[in-house]
Amino acid sequence: MENNLRSTNLDELDLSTVVTGNKLLRTSFTWMAVAMLLTTLAALVFAFVPGFSQILQTPTEDGGVKPTAFAYLVMFAPLIFVMIMSFALNKLSYGALLGLFIAYAVVNGIAFSSIFFVYKLGSIITVFLSTTALFAVMAIAGYTTKTDLSKMGTLLKIGLIGIVIAMLINFFMHSARVDYIISILGVIIFTGLTAYDVQKIKALGYQAEGSGLSSKLGIMGALTLYLDFINLFLFLLRLFGGKKD
């Protein structure tokens, strides 16, 4: 299905195609918004409510703090959620898929609470609003353009693999210059992927018509858009976020 999707000629989509695509996009954006709300609430609770923040950090003998075992668990757990949702899509019921998606959003929020310990609150808010504006512009561009973005999407996905490998290497190198370059490339890649994914979901709504998978595809579309937004936000935060002293 995905190969057919990437070769879709958007100029040939008639009115019924657009309506169906709009329905899938509305579902995807609705669940994305719910996930973002849950992530934000979880992050705020675990960052500013002492009883919860202590679950993630434990005092050290020198007066500092260090991550707890639970903190490491929630750091890597989101990847497991995404893998399960992606590879077991056909086996999971709609309720199970939705439950995993909601749990993923909450666990992600717990993991992201750490940014409040590193960056200034005003800086986080500014970057979040900037990310929202940029995401909205690219989503509109992806929806309205008549240009097939499949080739661009393929190149962006290759670039994404490249920066993931670079990030793993730099985890051991600790190079500030490499980290800066990775952040710039990350912003470029996820800015482009936002437009590409919106167009893909729009076209997929037409191809999935009557397949019985539209409800599940709405969740997976929400997951895709959520990942685009979150990664765009994190890379922008690494570039422009003001760190605490």
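For this structure, a couple of remarks:
- Here the dipole of the chain is about 60 debye; that uses its Cα centre as origin and unit charges on the Cβ of Lys and Arg (positive) and Asp and Glu (negative).
- As a ratio to 2.2 N^0.38 Å, the alpha-carbon radius of gyration for region 96-144 is 1.51.
- Sorted by Cβ density within 10 Å, fewest first, the residues 70, 233, 172: 172, 70, 233
- Angle in degrees between helix 176-207 and the longest Cα principal axis of the chain, rounded to the nearest 10: 30
- Per-residue 3J(HN,Hα) values for region 32-49, derived from phi via the Karplus relation 6.51 cos²θ - 1.76 cosθ + 1.60 with θ = phi - 60°, read 4, 4, 4, 5, 5, 5, 5, 4, 4, 4, 4, 5, 5, 4, 6, 8, 10, 9 Hz in sequence order (x marks Gly and Pro).
- Residues of type lysines that residue 120 reaches as a straight line, Cα spacing below 17 Å, ignoring anything fewer than 8 places off in the same chain: 243, 244
- Amide H contacts of residue 58 (H built 1.01 Å from N, in plane; Pro and chain starts excluded): 66, 68 sit under 5 Å, all sequence-distant by 5 or more or on other chains.
- Residues whose amide H lies under 5 Å from that of residue 119, counting only those 5 or more places away or on a different chain, are 244; hydrogens are built 1.01 Å from N in the peptide plane.
- For region 15-240, the spread of Cα positions along each principal axis, largest first, Å: 65, 39, 31
- Euclidean distance between Cα centres, region 119-135 to region 20-92, Å: 18
- Rounded to whole Hz, the Karplus (6.51, -1.76, 1.60) HN-Hα couplings of region 102-119, x for glycine and proline: 5, 4, 4, 4, 5, 4, 4, x, 4, 5, 6, 4, 5, 5, 6, 8, 9, 10
- Across region 147-155, rounded Karplus estimates of 3J(HN,Hα) from the backbone phi angles (6.51 cos²θ - 1.76 cosθ + 1.60, θ = phi - 60°) give 7, 6, 8, 4, 5, 4, x, 4, 5 Hz, Gly and Pro being marked x.
Each value in this text was obtained by applying a stated rule to the coordinates, not by laboratory testing. Since the model is a prediction, treat every value here as computed from it, not as a measurement. FYI the Cβ positions are ideal-geometry reconstructions off the backbone, even for glycines, and counts take in every protein chain you see.
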